[in-house]
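Laboratory data are not the source of any read-out in this text; all were calculated from the coordinates shown. Bear in mind that the values here come from a model prediction, so they are computed numbers and not experimental data. Glycine gets a Cβ as well: all are built from the backbone with ideal geometry, and neighbour counts include every protein chain shown.
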C-alpha cells in the first residue's frame, strides 16, 4: 500500500519564511566574547533553544515542580473563549512559539466560535516551527499556518503585514528573562507594530514562596540541569569550544532582593576551555559560575508599571485563586 499525504501536510510550504533582523543584535560569537572572556561570566538564555534544548524545555514543562506551564495552560483553558470572543482576531502571531502546546487553547476557542484566524508562529528554531505547523494543521483542518523564523529580539520591521485584527501572543513568562529597561524597550517596539484594534496576550510569573520558585528550577529528574548544560553543547558545536558539560553543575537560586530566579553553570573543578572560533582560552577556577538565565517574578503593580511604560493599557488581568501567575490582555494605549 502506498503512502498518502493528508491535505494539511500537502498544504504546508516546504520552508518557513525567514524574518530578517530590523536592527543588529549580538551574534553568538559576540556574546561568547563579551560574556565569557570577562568576569563575571554570563550568556543570554536564547541559546538554550536549539532543537534538543527546545525538546528538553518541553519535557520540563511536564515535571511536577514546574508549575508555570500548567498554571498558564489552565488559565488559557478557562479564559481563551472570552479572549477570542472579545477580539475575534484574524491573525494569531506568537513570539517564541516553541511547540505551540498552549496555543491550542486559543485555537480550540477559535474553532468553537468559527473564528478561523491564521496562525503565525515566530521562533528561531526552524525545525520546531515546521514540526509544530504540521501537527497543528493535522489537528485543525481549517487552520492556515505561516511559519516565521528569526530572532524576535532583532525587531519587527520585517515581519509581513497582518491586515485585520491581530492578537500578539507572548506566553510562558518569557518577558521575565529580560531586565526591566530591555523589557520596556522590547514591548514598546512591539507596540509600534500594532494597530489600534490589535491586542497583546502576555503571560507573567508572579512573586511567591521562595521554596516553590526554587523547586521549579531544580526538578528532581534533573531535566532543568540537563537543559542548562545543553548550552555548553551548543557552544561546542557552534563556536568550536571544548566544554565538558559534566564538569559543570547546575544551580538555580531565588534572589529575593531582585525578585528573580538566577540560573548558573558552576565549574566543578579548575579547568581550561578553548574556543576555536575566537582563538581563545578560558580559565575557570573551581566554583566559578556562568549566569545563563534570569527569570523575573512580578506583582500586579510591577506588571501594570511595565506595560504602562511600554505604551499599553491592561484590558483584562486573569489570575488563578492562588495568584501564582498572570495572564494579561493589553491594548495599545492612545499616543
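Give the Rg/Rh ratio for region 213-335, taking Rg as the radius of gyration of the Cα atoms and Rh as the Kirkwood radius, to two decimals. Radius of gyration over Kirkwood radius for region 213-335 works out to 1.12. Working from label points 7 Å from Cα in the Cα-to-Cβ sense, the residue 276 to residue 238 distance is 1.7 nm. Rounded to the nearest 10 degrees, the angle from helix 300-309 to the longest Cα principal axis of the chain is 80 degrees.
Counting only the Cα atoms, region 156-256 fills a convex hull of 166 Å³ per residue. With respect to the chain, whose longest principal axis is taken over its alpha-carbon atoms, helix 180-193 is tilted by about 30°. How far is it, in nm, from the label point at residue 86 to the one at residue 210 when both lie 7 Å from their Cα along the line to the Cβ? Spacing of the two 7 Å Cα→Cβ label points: 3.5 nm.
How big is the Cα convex hull of region 237-307 in projection, averaged over all directions, in nm²?
Mean projected area for region 237-307: 6.7 nm², to one decimal.
With N the number of residues in the chain, Rg(Cα) / (2.2 N^0.38 Å) evaluates to 1.02. For region 257-331 and region 87-120, what is the separation of their C-alpha centers, rounded to whole Å? So the two Cα centres are separated by 27 Å.
For the chain, the 222 nm mean residue ellipticity estimated from helices alone, with every DSSP H stretch of n ≥ 4 adding -39500 (n - 2.57) and the total spread over all residues, rounds to -11000 deg cm²/dmol. Sorted fewest first by neighbouring Cβ atoms within 10 angstrom, 104, 237, 86 come out as 237, 86, 104.
The long axis of helix 67-87 is offset from the longest Cα principal axis of the chain by roughly 30 degrees.
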